[in-house]
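We did not get these values from a lab; they are worked out from the coordinates using the rules stated. Predicted model, so just to flag it, every value in this text is computed and none were measured. Glycine gets a Cβ as well: all are built from the backbone with ideal geometry, and neighbour counts include every protein chain shown.
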Amino acid sequence: MVAFIIRRLFAAVLLVLVIAFVTYAIFFLVPQVAGLTPYDLAARYVGKTANPATIHARMVKLHLNQPFIVQYFDFIRDLVFGAHYDAGAEQSYCPPPCFGYSFVYQTPVWPQLASRIPVTLELAAGASVLWLVGGVTIGVISALRRGRPVDRVSMGIALAGVSLPVFFTAILSQSQIRDRFQIFTGAGGQWVPMHTDPMQWLSNMILPWLTLAFLQAALYARLTRAGMLETMGEDYIRTARAKGLPERTVIARHALRATMVPIITIFGLDLGTLLGGAVLTETAWTLPGLGQYAILSIGDNDLPAVLGVVMVGAIFIVVANLVVDVLYAVADPRVRLAG
């Protein structure tokens, strides 16, 4: 088991390095291939009114005049150990993890990311509980009532959830639930942290949770239903029933356990993706999370900030995949042998 985890950790670190290389190349090498010079990139840090000496000093300070491969290894080193930027009289320190300096705010990117990660975590955690519990429950009920009205209604709602984009669901929630019926009126308003006002925070989060969970719960309901229908026809299910086990035990201990294997895989990857920023949901509900920060940074052409969001999202996905692999290995020893 220890050897399996070590192999997976090594593969995860290698994958993060590859993602960092590709992402860094997209943001800092491709613009140079397209015709921009390190001087042009440095000019984005100092504004349009800066003189050439200031731009050159900023270029040297941020090491933009170095070869690309040197910049990449400096980026990885700074990410782990932090960075000291020195341009004569102007000195600054970027503590680890250092994702670079923002073009717009002239500050390290990580503190801005760190201030927004809790919002994204709260959104992802609340929505994931709703869609996992709701989706699996609806899928199981639909499979056990196959062909009946409850099955048709559940799958009809699931089809609507899969088909409707998140921004449409958000607009519909705002116009009908919040504005028309005056329910959860805090949603989409001024953001309030949970420790400041728990009730206002809850009022802010319920509709975003429902908006995000509606799409995911529909997918999980369809997947659970398909898995349950396939599992209920297996020989070991018939054997369990022939032994006289209660139907509830057959469903919960045997059928649902087998169905949950693919659910765990998809849940881990979906949660990792959301922790990188639920872009549409956060933007629609004006939540100051990573997704909204990514949209604002793209609009400002703030390359280091966008790079930081991409790297944080990639790390979350890699970690989620690693956790899923370890859970698989704990549940099934054959995975450890194959891995």
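Using only side-chain charges placed at the Cβ, +1 for Lys and Arg and -1 for Asp and Glu, the dipole size of the stretch 19-94 relative to its Cα centre rounds to 160 debye. Evaluated with a Cβ-only charge set (Lys, Arg +1; Asp, Glu -1), the chain carries a dipole of roughly 1300 debye about its Cα centre, given to the nearest 20.
When Kirkwood radius over Cα pairs in Å is calculated directly from the model, which label among (i) 23.1; (ii) 19.5; (iii) 20.0 fits? Read-out taken from this structure: (i).
Counting only whole DSSP H helices of the chain, the ones at least 24 Å long by C-alpha along their axis and with mean Kyte-Doolittle hydropathy no lower than -1.0 are 2-24, 109-144, 198-231, 256-275, 303-331. Estimate the FRET efficiency between residue 199 and residue 93 by the formula 1/(1 + (r/R0)^6), using the beta-carbon distance for r and 41 Å for R0, to the nearest 0.05. Result of the calculation: an efficiency of 0.55. Taking the helices alone, the chain has a mean residue ellipticity at 222 nm of -22500 deg cm²/dmol, built from -39,500 (n - 2.57) per DSSP H run of at least 4 residues and averaged over all its residues.
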